[in-house]
Amino acid sequence: MNSATVRNLLVRGMLAGLAAGVLALVVAYLLGEPNVDKAISFEDAHAHEHEMEVVSRSLQSTAGLATGVLVYGVAFGGIAALAFCFALGRVGRFSPRATALLLSGCALLAVYVVPFLKYPANPPSVGDPDTIGKRTTLYFLMMVLSVLLAVAATLLGKRLRPSLGTWWATVTAVAAFAVVIALAYQFLPVINEVPADFPATLLWRFRLSALAIQLVLWGGFGLVFGELAHRQLNPKPATAPAGRTVPAAN
């Protein structure tokens, strides 16, 4: 794959990330923000002192939300496009569309779902402000570990494929990934800072909406970028105008 093709795919990846970000923004505004508002109301009702807002809530839920989601979409779209350029043809004989979807699914699993299951997202009023540094460090440690293990599992599957075949090599690699992740879940610290009187339904809905945002973001990117990559790598042959024939080459 030459540099011009990589550059074109990078641009298409960023555009696909922007499009996926728009879809995720709609989900975040419709599903996520109502739960955030309820959590803030709970926090205000139980706070002894009310802090002055530096940025208004209305600005946070509109322009702030849109900026964060769209910038994130463009950034991860560019990174995913570069990963696609490396993965195409190296992870199996998949078409560009299938490779894009496979890459998006694996990235969703490794980058978000695996860390989420250990350290799920929390709404406002959940979590001790004094431990935010520790919680952030543990989350990113889990994310980096998940990504590295996913890469290692992929390499293991490729190494075992000649001797075990594609099916059993894949099963073995996935099983190894799951075992090591389970050990990480067991030995990494547990964080449970949910207030005793915080509504369980609100916490559940907030975490489901956070997961839905990521599913739409990564799924939308896989579909849009897969189509754009397919058109870039497999352009339609030029056809002659109706009523005219193309002379054969001598």
- Query: Of all residues in the range 180-203 being part of a loop (DSSP other than H, G, I, E, B) and farther than 18 Å from TYR119 by Cβ, which is most open to solvent (accessible area, probe 1.4 Å)?
  - Reply: ALA196
- From the list PHE206, PHE177, pick out the single residue that is open to solvent by less than 80 Å² (accessible area, probe 1.4 Å), among the aromatic types (Phe, Trp, Tyr), under 21 Å from the mean Cα position of the chain (by Cα) and over 30 Å from ASP44 (Cα atoms). PHE177
- Lone qualifier among VAL26, VAL22, VAL36, VAL55 - being modelled with pLDDT under 90, surrounded by 12 or more Cβ atoms within 10 Å (Cβ to Cβ) and among the hydrophobic types (A, V, I, L, M, F, W, C): VAL36
- Residue check for GLY21: touching a Gly at 6+ places or on another chain (Cβ under 9 Å) and not polar (S, T, N, Q): yes
- Item | Set LEU145, LEU183: member being closer than 30 Å to ASN35 by Cβ and modelled with pLDDT of 90 or more | LEU145
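The values are calculated or read from the model by the stated rules, or taken from the named source; none is laboratory data. Being a predicted model, the structure only gives us computed values, none of them experimental. With ideal geometry, Cβ positions are generated from the backbone for all residues, glycine too; neighbour counts draw on all protein chains shown. When the accessible area is computed, the model is the full protein with side chains, heavy atoms only, and any ligands, DNA or RNA have been set aside. Shrake-Rupley method; radii C 1.70, N 1.55, O 1.52, S 1.80 Å.
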